[in-house]
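Enquirer: Below you will find the structure I want to go over with you.
Please treat every number below as a calculation from the coordinates, not as lab data. The structure displayed is predicted, hence computed values, not measured ones. Ideal geometry is used to build each Cβ from the backbone, glycine not excepted, and the neighbour counts take in all protein chains shown.
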Amino acid sequence: MVLPTSRKVRALLTYLALAPRPVMRAQLCELLWDVPNDPRGELRWCLSKIRGIVDEPGHPRVHARDDTIRLDLSDCVVDALEIAHAVAAGIPSLSLERQRALVLLFSGDVLEGLEIDRSPAFTAWLTAQRRRFRGWQVTLLEHLVQRVAEAEAFAYLEKWVQLEPFDQHVHERLLSALARSGRIREGEEHLAAAVRAFESDGQDCAALRQAWRLARTHVPGPPPAASPAEGWVVAARRASIAVMPFVDASAGRHERGGTADALAHDVITRLAKLRSLFVIAQGTVFALHDRHVGAEEAGRMLNVDYVVSGSVRRDEQHLSVNVELAETRTARIVWAELFNHRPDDAFVVLDELGNQIVASIEHEIEMIERNRAILRPPNSLDAWEAHHRGLWHMYLFNKDDNERAQRFFATAVQLDPTFARAYAGLSFTHFQNAFQGWGKREAEIDRAFEAAGRSLMVDDRDPAAHWAMGRALWLHGRHEQCIVELERAIDLSPNFALGHYTLAFVLAQAGDPLAAIRYADHSRQLSPFDPLLFGMLGARAVALMRLGRFGEAAEWGVKAASRPNAHPHIHAIAACNLALIGALDEARAHVAAIRRTLPHYTAADLLRAFRLDENGVALIREGARRIGFD
């Protein structure tokens with residue numbers, strides 16, 4: 001279509017076309033007009049122009065309802081939307097022809113050359129869109145390079161280099177392709193130009209020289225000699241992540257050092273405390289941000305697996321934080337969330353937000369890595385992948401998968417003896433054998449304790465190591481020492497959901513039941529989709545039972561038992577609490593569910609596994625007696 005010359009009309013058309021939901025008129029006025037005399041009048045004029053472009057007789061595409069505007073282009077072809085929908089579906093899943101067709105849709109940036117003076121909100125939005133689409137373009141080019149013949153790949157590689165001149169990955173790809181094609185002189189020239197660019201930008205180029213040396217080993221003739229300074233140190237792999245400074249989208253607040261920067265700094269610090277991820281330092285990401293490098297481009301420059309970006313909008317009534325987690329190499333947004341708070345106490349709110357954001361990021365990355373590892377052949381796994389393959393089996397909570405998990409954790413620590421989290425996972429499998437009665441209890445307790453000790457020896461600042469030790473000490477009956485270790489875990493990482501849950505698990509049985517409820521609720525707030533959610537709910541049920549609140553205890557016990565991976569002890573807790581409120585038929589249904597897999601299970605098995613105080617033991621026995629479960 002022929003678009004009008006008015007910049008505001010074209011900007012409005014683009015914004016509405018890409019908006020995922022209806023947009024408030026007030027938001028559009030704030031976006032495009034710097035306090036004019038009649039912003040709504042100008043908005044109506046622009047919308048009339050857009051209607052003249054896209055509406056057809058009997059088919060309006062501009063919809064105004066309840067002070068919102070929506071543009072329906074579902075029956076139209078829009079290059080940006082074609083690309084966005086393809087990315088949402090997953091670029092790796094697209095056919096080769098579809099990838100080729102999509103990359104042809106890129107002929108420049110979004111609204112190239114169209115900047116609007118005195119519209120900072122629109123400028124910020126447009127910059128973000130340009131960065132995002134450029135990142136998607138690079139992702140398409142990278143996948144095409146992997147799939148097409150080398151002769152065709154050169155054109156894509158050259159375009160990729162133009163878009164990401166400081167992405168070491170593309171230079172290595174291009175140098176390897178030039179070497180394989182025997183184009184040694186071109187390779188030398190490209191290396192020299194790349195080195196000059198990297199050095200002028202203050203970046204290390206030793207890896208580029210090393211890549212060229214390795215590429216030359218595949219062609220006739222002696223490879224160039226290696227410099228002693230160019231040796232590679234191979235470190236154990238971890239998933240890597242960069243957290244970019246958040247954008248302050250508050251009206252009139254674009255200075256540095258405010259809430260947005262503070263929150264990004266907090267997230268970086270908390271992620272680093274987890275010890276399970278390689279986290280890029282704050283100085284690096286803030287320096288890239290100052291150079292106007294977007295999140296997607298920064299992720300590629302830093303060669304990290306994941307990148308976090310976000311924005312903060314604050315006024316007197318609300319604090320809104322929008323956060324996205326994306327995979328760098330697929331440009332896929334794997335998690336996004338909008339957090340809304342009242343800014344009554346800024347420090348409390350930021351602390352709570354930091355915990356929620358980091359716990360969510362940790363959970364999403366762990367789930368992605370688990371699912372990825374399960375698809376790989378077992379004999380091809382590195383330590384990181386073996387660890388996550390172990391987690392996948394461990395969270396199924398049955399004897400056979402627990403044994404498989406144990407083997408994968410053992411493989412992980414054999415491949416990387418410094419991997420504290422793998423030792424913690426190994427300890428948990430032995431804990432499960434003792435707790436569930438899947439092995440000789442005393443021997444499994446000793447093994448759980450030994451593996452937890454190794455985890456602490458490797459890294460005593462990893463919260464998971466203290467978590468594993470806390471559970472092992474609980475098995476030994478050393479309650480006070482157990483609490484100390486679990487509290488140390490959450491001191492090291494306040495957003496470590498499993499630490500909060502395990503404190504709830506221990507205190508629910510013998511200790512302060514009200515504190516147990518607080519820890520259980522906080523663990524669910526931090527990780528609402530956790531594989532151990534049934535345990536968080538079950539701990540709450542036990543604590544309520546000890547408080548004599550049997551109706552609530554039964555309700556939470558049933559919620560826990562309804563989780564798909566809930567084990568027999570959880571069903572037993574639900575059954576006994578239901579019996580205590582007289583819901584005998586429902587209680588017997590849970591007993592029947594247990595006995596389909598464990599025909600001889602009774603409440604005595606539950607009491608052997610748990611360490612309840614005298615009151616708790618008496619209540620479980622009374623509930624079991626009422627349904628013949630004793």
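Enquirer: Going by a ≥ b ≥ c, the root eigenvalues of the Cα gyration tensor, does region 377-494 fall in the rounded group (a/c under 1.5), the prolate group (a/b larger than b/c) or the oblate group?
Expert: oblate
Enquirer: Please report how far the C-alpha centroid of region 534-564 lies from that of region 6-63, rounded to the nearest whole angstrom.
Expert: After rounding, the separation between the Cα centres reads 52 Å.
Enquirer: By count of other Cβ within 10 Å, fewest leading, how are Arg173, Arg180 ordered? Before the final figure, lay out the partial values.
Expert: Values: Arg173 21, Arg180 13.
Placing the least packed residue first, the sequence is Arg180, Arg173.
Enquirer: Only Cα pairs under 8 Å and at least 6 apart count here; give the relative contact order of region 171-223 as a rounded whole percent.
Expert: 46 percent
Enquirer: How far apart, in nanometres, would the label points at Ala604 and His479 be if each is projected 7 angstrom from Cα along the Cα-to-Cβ direction?
Expert: Inter-label distance under the simple model: 2.4 nm.
Enquirer: Could I ask something else about it? Can you give me the angle between helix 479-492 and the longest principal axis of the chain, using Cα atoms only, in degrees from 0 to 90, rounded to the nearest 10?
Expert: 10 degrees
Enquirer: Quote the relative contact order of region 377-494 in percent (integer), defining contacts as alpha-carbon pairs under 8 Å separated by 6+ residues.
Expert: 19 percent
Enquirer: I need the phi-derived Karplus couplings for region 74-80: 6.51 cos²θ - 1.76 cosθ + 1.60, θ = phi - 60°, integer Hz, Gly and Pro marked x.
Expert: Going residue by residue, I get 5, 9, 10, 9, 10, 4, 4 Hz, with x marking Gly and Pro.
Enquirer: Give me the aspartates and glutamates in straight-line cross-link reach of Lys8: C-alpha distance below 13 Å, same-chain residues under 8 apart excluded.
Expert: Glu30, Asp34, Glu42, Glu115, Asp117
Enquirer: Apply the Karplus parameterisation 6.51 cos²θ - 1.76 cosθ + 1.60, with θ equal to phi minus 60°, to every residue of region 41-50 and state each ³J(HN,Hα) to the nearest whole Hz, in sequence, with x for glycine and proline.
Expert: Running phi through 6.51 cos²θ - 1.76 cosθ + 1.60 with θ = phi - 60° gives x, 5, 5, 4, 5, 5, 5, 5, 5, 5 Hz.
Enquirer: A further question on this structure: How large is ³J(HN,Hα), in whole Hz, for each residue of region 427-437 in order, when computed from phi with the Karplus curve 6.51 cos²θ - 1.76 cosθ + 1.60 and θ = phi - 60°, using x for Gly and Pro?
Expert: 4, 5, 5, 6, 4, 4, 4, 6, 5, 8, x
Enquirer: Give the lysines reachable from Lys399 as a straight Cα distance under 29 Å; neighbours fewer than 8 places away on the same chain don't count.
Expert: Lys440, Lys559
Enquirer: A further question follows. Going by a ≥ b ≥ c, the root eigenvalues of the Cα gyration tensor, does the chain fall in the rounded group (a/c under 1.5), the prolate group (a/b larger than b/c) or the oblate group?
Expert: Oblate, since a/c reaches 1.5 and b/c is not below a/b.
Enquirer: With the contact rule set at Cα under 8 Å and sequence spacing of 6 or more, what percent relative contact order holds for the chain? Walk me through the numbers on the way to the answer.
Expert: Details: 929 pairs, mean separation 42.0, N = 630.
Computed over the chain, the figure is 7 percent.
Enquirer: Evaluate the charge dipole of region 240-371 about its Cα centre and quote only its size in Debye, nearest 20, assuming +1 on the Cβ of each Lys and Arg and -1 on the Cβ of each Asp and Glu. Intermediate values should be presented prior to the final figure.
Expert: On the way: 13 positive and 21 negative charges, 67 e Å.
About 320 debye.
Enquirer: Can you tell me the Rg and the Dmax, both Å, for the Cα atoms in region 506-630?
Expert: 13.1, 38
Enquirer: In degrees from 0 to 90, rounded to the nearest 10, what is the angle of the helix 441-458 Cα long axis to the longest principal axis of the chain?
Expert: Compared with the principal axis, the helix lies near 40 degrees.
Enquirer: With the cut-off at 1.5 for a/c, could you classify region 464-551 from its C-alpha gyration tensor as rounded, prolate or oblate?
Expert: Because a/c hits 1.5 or more and a/b fails to exceed b/c, region 464-551 counts as oblate.
Enquirer: Another question about this same structure. Give the peptides 535-546, 442-453, 581-592 in descending order of average Cβ contacts within 10 Å, highest first. Please report the intermediate quantities before stating the final value.
Expert: Details: 535-546: 27.2, 442-453: 19.8, 581-592: 17.1.
Final packing ranking: 535-546, 442-453, 581-592.
Enquirer: A further question follows. Where does region 141-202 land on the Kirkwood hydrodynamic radius, alpha-carbon pairs, in angstrom? Please list the in-between numbers first.
Expert: Numbers: mean 1/r = 0.0846 Å⁻¹.
After inverting the mean inverse Cα-Cα distance, the result is 11.8 Å.
Enquirer: Roughly what would the spin-label model give for Leu96 and His63, points 7 Å off Cα along C-beta, in nm?
Expert: A separation of 4.1 nm, rounded to one decimal place.
Enquirer: Given the peptides 163-171, 386-394, arrange them by the average over their residues of other C-beta atoms within 10 Å, most packed first.
Expert: 386-394, 163-171
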